[in-house]
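The structure appears below as structure tokens.
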Amino acid sequence: MGIKKIGERTVAFENPPSVLGSACVGGKKEGEGPLGGEFDILNEDALFGVETWEKAESKMQRLALSAALGGAGLEPRSLDFVFAGDLLNQCTASSFGMRDMGVPFFGVYGACSTMAESLILACMAVDGGFAARAAAVTSSHFCGAERQFRFPLEYGGQRAPTAQWTVTGAGAVVVGAGEAGRSPPRVTGFTSAKITDAGIRDANNMGAAMAPAAFDTLSAHFADTGRSPGYYDMIATGDLGSLGAELLRGLFSDAGMGLKENYADCGLLIYSGDSRDVHAGGSGCGCGASVLAGHILRAMRAGRLNRVLFAATGAMLSSVSTQQGESIPSICYAVSIENGAGGLKG
């Protein structure tokens, strides 16, 4: 088997895995946003009928994966692996969420980039012949994230204008070996992440910390593939918010390769601006996961989008590193998803 890399950091799948099923779960705030109609499951109760925010997040993962499998006509036992991650310490939402599914499990942490990272790993397993089918599952919960990274909700602290609102959401994508030209969208390849650090130390300004990572990975993708930003119907980052998205546009403009109308950020798509009291937009790894598994893949199945570059970003901070005055290292993974028989190599 030959090396599948093209350029410095991009991998072109030899047998691009097909997206067999996808589903997303959200809470009340997400259901009231512009993408509310594209969630498979919405719940008015942020606890999802259980006792704690953390248990609620685990339940969201189970609901998302079960719905994605059901949409594909599959049972959990048909999966060879599940790659799942979240924002909680030791990825507990994922491990507790998947413990009763009976599927071989890999825990993944990439902060808000986790959906792209887990999808890449699932597709590598399928393209490499290690699995016939695999799933990527990712979630976040506003209340659990606030308790872990900032302050308990009872504290009632004022949010900075640059702060983003952690999405209460989960997304699941099931991929499997497929033939070129099949109707489901196919994951044709990815560009790997490098750690970047812009020296940002403000945990309430993650968009500024992550924008250079998005620029680094997207630039590498275009250089490796020879594609321009205009090749894609949508380039979706997640989740830079309003400030980070503006910074990313500026970085590309300075490089002489401006992003056009096909650029969008998942953190801006999911909510209706500051009228939803989200300040700079949505964040959390459930944001990109739910937008991808719902809005984006629905549009691809309907033929409204045919070429998508999903570039999820992650701020690799912890409550401890922030308290110790560390800067915020960031990453971005870019995943190419396309309809039809094409691919990164042709």
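What follows draws every value from the coordinates through simple rules; no lab data is involved. Computed from a prediction, not measured in an experiment: that's the story for all the values here. A quick note on method: Cβ atoms are made from the backbone with ideal geometry, for glycine too, and the neighbour counts reach across all protein chains shown.
Taking amide hydrogens as placed 1.01 Å from N in the peptide plane, the amide H of residue 333 sits under 5 Å from those of 312, each at least 5 positions away in sequence or on another chain.
The value obtained for the chain, namely the Cα convex hull volume divided by the number of residues, is 122 Å³ per residue.
With Rh defined as the Kirkwood radius, the inverse of the mean 1/r over Cα pairs, the Rg/Rh of the range 17-176 is 0.98. Based on the Stokes-Einstein relation at 37 °C and a viscosity of 0.692 mPa s, and on the Kirkwood radius from alpha carbon pairs, the range 61-134 is assigned a translational diffusion coefficient of 262 µm²/s. Once backbone amide H atoms are built at 1.01 Å from N, residue 20 has 174, 175, 176 as its partners under 5 Å, excluding neighbours fewer than 5 places away on the same chain. Evaluating kT/(6 pi eta Rh) at 4 °C and 1.567 mPa s, with the Kirkwood radius of the range 187-265 over Cα pairs in the Stokes-Einstein relation, gives 100 µm² s⁻¹.
Around residue 123, with a cut-off of 13 angstrom between Cβ atoms, what is the net charge of the other residues, counting Lys and Arg +1 and Asp and Glu -1? It works out to a net charge of -2. Over 24 Å apart at the Cα level, from the set 5/194; 28/260; 29/59; 28/59, are 28/260. Other residues within the sphere of radius under 15 Å centred on the Cβ of residue 65, judged by their own Cβ, net out at -1 (K and R +1, D and E -1). As a proxy for reagent exposure, ranking 146, 51 by other Cβ atoms within 10 Å from fewest up yields 51, 146.
Rounded to whole numbers, the Karplus 3J(HN,Hα) couplings from phi for the range 239-248 are 9, 7, x, 5, 5, x, 5, 5, 5, 5 Hz, using 6.51 cos²θ - 1.76 cosθ + 1.60 with θ = phi - 60°, and x at Gly and Pro. For the range 219-275, the square roots of the Cα gyration tensor eigenvalues, ordered a ≥ b ≥ c, give a/c of at least 1.5 with a/b greater than b/c, which places it in the prolate category.
Listed from fewest to most Cβ neighbours within 10 Å, the set 83, 215 follows the order 215, 83. Computed across the range 186-338, the Kirkwood radius stands at 15.5 Å (inverse of mean 1/r, all Cα pairs). Each Lys or Arg adds one and each Asp or Glu subtracts one; over the other residues with Cβ under 14 Å from the Cβ of residue 37, this totals -3. Per-peptide packing, taken as the mean over residues of other Cβ atoms within 10 Å, places 255-267, 63-75 in the sequence 63-75, 255-267 from highest down.
With one equal scatterer per alpha carbon and no solvent term, the Debye-computed log10 I(q)/I(0) for the range 297-346 at 0.14 1/Å reads -0.55.
Each distinct pair of alpha carbons in the range 66-107 adds a 1/r term; the inverse of their mean, the Kirkwood radius, is 10.9 Å. Ranked for footprinting exposure by Cβ neighbours inside 10 Å, fewest first, 53, 165 give 53, 165.
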